[in-house]
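I have placed the structure first, in the form of C-alpha cells, so that the comments after it can refer back to it.
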Amino acid sequence: MTPYEMEEQLKNLDARTTAIAQILPTLATRHDLREEFAKLATKEELRDEVAKLATKDELRLRTEALQDELRVRTETLQDELRLRTETLQDDLRLRTEALQDDLRLTTEALQHESETGFQGAKAHADRLSEITREQIRLLAEQMATKEDLRDLRQEMATKEHLQQLQRTLSAQIVALGASGRSKKR
C-alpha cells in the first residue's frame, strides 16, 4: 500500500469514528434497557388480560344479539315510516282535493266576472263610441266647408288686392305730392 492510500484509509477510518461517536450518545445503555424491560407486562399479566377478552362463542352470541336488536329496530322504524308515509299521502290527497275545489270555484268566479266584465266593458265602449260620434258631429258643424274656405280665400285675395291698390295709390299720391312741390319752387 502506498503512503497516499494509507492516508486515505486513515481519513475514512477517522470519519467513521466521528460518525459513530455522534450516534453513541443516542443509543440506550444496558441499564436503560433493563428499566424499559421491567415496565413490560409479564406472561402472567398477559394471560390475565387475555382471559378477560371474550371468547369466539361469546363474540358470536353478542353479534347475534346485536343483529336481532338491529333487525327489531329496523322493522319498527320501517313500520313507523310506512305509517307516517300513509298519513302524509292521505293528508296530501285531501289538501290536493281541497286545492282543486278552490281552483275550480275560483275559475268559475273568474269566468263569471270576465263575462260580466266584458258586457260592462262593451256597454262602456258603446257609450264612448256614441260620445265620440257626437263630438265629431259637433266639430264637423263648426268646421268650415270647402265652399266656405273658397269664399274665405277669395275674400283674402280681395283684401290682398285692395292692400296692393292702397299701396299703389299711396305711392302715386306721394309721387304727385312730390311733383307738385317741385313745380311750386
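The values are calculated or read from the model by the stated rules, or taken from the named source; none is laboratory data. Everything numeric in this text was worked out from a predicted model, so none of it was measured. Methodologically, a virtual Cβ is constructed for each residue, glycine included, from the backbone with ideal geometry; neighbour enumeration extends over all protein chains shown.
If we keep just the residues of segment 1-33 that are at pLDDT below 90 and of a type in the set (D, E, K, R), which is surrounded by the fewest Cβ atoms within 10 Å (Cβ to Cβ)? Among those residues, the one meeting the criterion is Arg30.
Remark: pairs (first residue in segment 47-61, at positive phi; second residue at pLDDT 85 or above and assigned to a loop (DSSP other than H, G, I, E, B); Cβ separation under 9 Å; 6+ apart in sequence or on different chains) are absent.
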